[in-house]
Every structure is written in structure tokens, then in C-alpha cells.
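Enquirer: Quick one: the structure is below, and I'll ask about it shortly.
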Amino acid sequence: MPVIGLQHAVICENKTMNLRNITRATTVGTRITIADTSLTRLIGLVGRRRLDSGCGLLIRPSSGIHTFGMLFSIDVVALSKSLQVLKLWHRLAPFSVTSINLKTHSILELPAGQISNSQIEVGDQLDFV
């Protein structure tokens, strides 16, 4: 199976969840997929042509990411183990790298502009509902 087909299958088969910004009472995403296996973390969003509105990928554990091989920009949120926002990257371009922080437990990848749309700020508390 080609890498793109495999990656699409992995994203579609996983259960998606709703993620809220509890601090601001906003919806972050309605179709957040969790990448918590070696394969799903390795593949991530590579090969996709876009990330639809409402979608996202929570990579855990992860203390930083790269966008090598990606075809579009994304918003990136670094989260603590309790899903508190530690750092934000707006519109991270393809072939970029985030910093690595050992306090970061997971990384949330969102469509470009979603950090602003859902009013996410450092210190906010996110939660699945």
C-alpha cells in the first residue's frame, strides 16, 4: 500500500474526538485524531494535501515535531500531560521544525488559522468532551 493510502487509512480508522478550550469556552476541533502508536506518530500528516476545518492530530507522546514532507502550513500547539497549552506556532510552514521542550507531553496539529479562530493562548486548559 502506498504511504499516502496507508496514512489516510490510519487517520480515518482512528476514533475522532471533540476538543474544547475550557479557559475560553471555544471549540478547538470536532474531529481530533490521536496518534499514539509508533506508526501513527511517524506518519502524522505527511502525504495529506490539507487538513480540513474541525480536524486535527494529537501526537502523544511528543516533545516537538517537524513538517518535512508536508504540503501545507499548520498551527501547532505544545501541551502538558494535563493538556495545558505551553507554546504556540502559528502557520508553521512545510519543512520546518519546532523547538523541543521536555515539559511538552503532546503536540496538537491544527489547520492553519485555528489557533486564532479558537482563541488559544499559552496557559489555556484544553479538554476532550
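Enquirer: Ranking request for peptides 97-105, 82-90: highest mean number of other beta-carbon atoms within 10 Å first, then the rest in descending order.
Expert: My ranking of the peptides, most packed first, is 82-90, 97-105.
Enquirer: Okay, moving on. I'd like the orientation of helix 3-13 relative to the chain: the angle between its Cα long axis and the longest Cα principal axis, in ° from 0 to 90, rounded to 10.
Expert: Compared with the principal axis, the helix lies near 50 degrees.
Enquirer: To check my understanding: the extent here is largest minus smallest coordinate of the Cα atoms along each principal axis. What are those three numbers for the chain, in Å, largest first?
Expert: 42, 28, 24
Enquirer: I'd like to compare 47-57, 17-27: which one has the highest average count of other Cβ atoms within 10 Å, and what's the full order after that?
Expert: Top to bottom by mean Cβ count within 10 Å: 47-57, 17-27.
Enquirer: Another one. Starting from the Cα of S116, step 7 Å along the direction of its Cβ; do the same at T30; then give the gap between the two resulting points in nm.
Expert: The two pseudo-label positions are separated by 2.2 nm.
Enquirer: Helix-only estimate, please: 222 nm mean residue ellipticity of the chain, summing -39500 (n - 2.57) across DSSP H runs of length 4 or more and dividing by its residues, to the nearest 500.
Expert: About -4000 deg cm²/dmol.
Enquirer: Give me the dipole magnitude in Debye, nearest 20, for region 3-128 about the Cα centre, with unit charges on the beta carbon: positive for Lys and Arg, negative for Asp and Glu.
Expert: 80
Enquirer: Multiplying the sequence separation of I22 and F95 by 0.36 nm and subtracting their Cα-Cα distance, what value in nm do you get?
Expert: 23.1 nm
Enquirer: With an 8 Å Cα cut-off and a minimum separation of 6 or more residues, compute the relative contact order for the chain in percent.
Expert: 28
A short reminder: the numbers here are calculations on the coordinates, not readings from a lab. This is a predicted model, so every value here is computed, not measured. Ideal geometry is used to build each Cβ from the backbone, glycine not excepted, and the neighbour counts take in all protein chains shown.
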